[in-house]
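The values are calculated or read from the model by the stated rules, or taken from the named source; none is laboratory data. Note that the structure is predicted; figures quoted are calculated from it, not measured. Reconstructed Cβ throughout: ideal geometry from the backbone, glycine too, with neighbour counts over all protein chains shown. These accessible areas exclude ligands, DNA and RNA; they are computed on the full protein's heavy atoms, side chains included. Shrake-Rupley method; radii C 1.70, N 1.55, O 1.52, S 1.80 Å.
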Amino acid sequence: MSQVIKVFTPIKRVPTVIGKAQNGQKLPFGPYTLPQVAAAAALLAISAVCSMSLPVNPAVTFVGGLIVTAVAVFALGLVPYTGVRLTSRVLWVSRLVARRKPVSASGMPVGEDSARHTMFIEESVVVIFPDSRRAFDGVRS
C-alpha cells in the first residue's frame, strides 16, 4: 500500500523584480530589483533638480547624473540577495569603512579583554608544546 508523504521546506526570500514595461516589452538590461528601481528614481530626481538649480551647464550636469545613476543601479545589481535587509548591509559595511577597529563576527566586542586571550605568533617562531603523555603519566625523563 502506498502512502502520500508531504515534505514542507521553508521558502527562501525571493526578490521582487521588474522585468517588463507596461506594454509587455522587456526592459533593457533587466530585470531590476526594487532597490535598483528606487535608487534609479531617486538619483534621476536628484540629478534633474541639480541640473535646474546649479549654476553650471544643465546638459552636462544631467548627463553626469545619468552616469552616476547607471553606476549605482549596476552596483546594486551586484549585491547578492540573501534575505538580509539592504539597509542592514549598508550600515554594516559603512561601519567597517568608518571605524577601522577590529570587528568580531560573533558579536563579542574586540577590545582589551579579548586581547588578553589572543597571541600573535610570527612565521619564524616555532612553538613547541610539552608532550602531554609524559606530563600525565608521572614518568620523569
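For the stretch 51-58, does any single residue satisfy the condition of being closer than 30 Å to W92 by Cβ and in a loop (DSSP other than H, G, I, E, B)?
No, the stretch 51-58 contains no residue that is closer than 30 Å to W92 by Cβ and in a loop (DSSP other than H, G, I, E, B).
When R89 is evaluated against the numbered criteria (1) within 22 Å of G30 (Cα to Cα); (2) open to solvent by 50 Å² or more (accessible area, probe 1.4 Å), which criterion, by number, is the only one it fails?
Status for R89: all satisfied but (1).
Has the stretch 1-21 got at least one residue that is of a type outside the set (D, E, K, R), out of contact with any strand residue (DSSP E or B) (no Cβ under 7 Å at 6 or more places or on another chain), open to solvent by 80 Å² or more (accessible area, probe 1.4 Å) and modelled with pLDDT of 80 or more?
Scanning the stretch 1-21 turns up no residue that is of a type outside the set (D, E, K, R), out of contact with any strand residue (DSSP E or B) (no Cβ under 7 Å at 6 or more places or on another chain), open to solvent by 80 Å² or more (accessible area, probe 1.4 Å) and modelled with pLDDT of 80 or more.
Of all residues in the stretch 26-44, count the ones that are surrounded by 13 or more Cβ atoms within 10 Å (Cβ to Cβ), part of a strand (DSSP E or B) and out of contact with any helix residue (DSSP H, G or I) (no Cβ under 8 Å at 6 or more places or on another chain).
Final tally of qualifying residues: 0.
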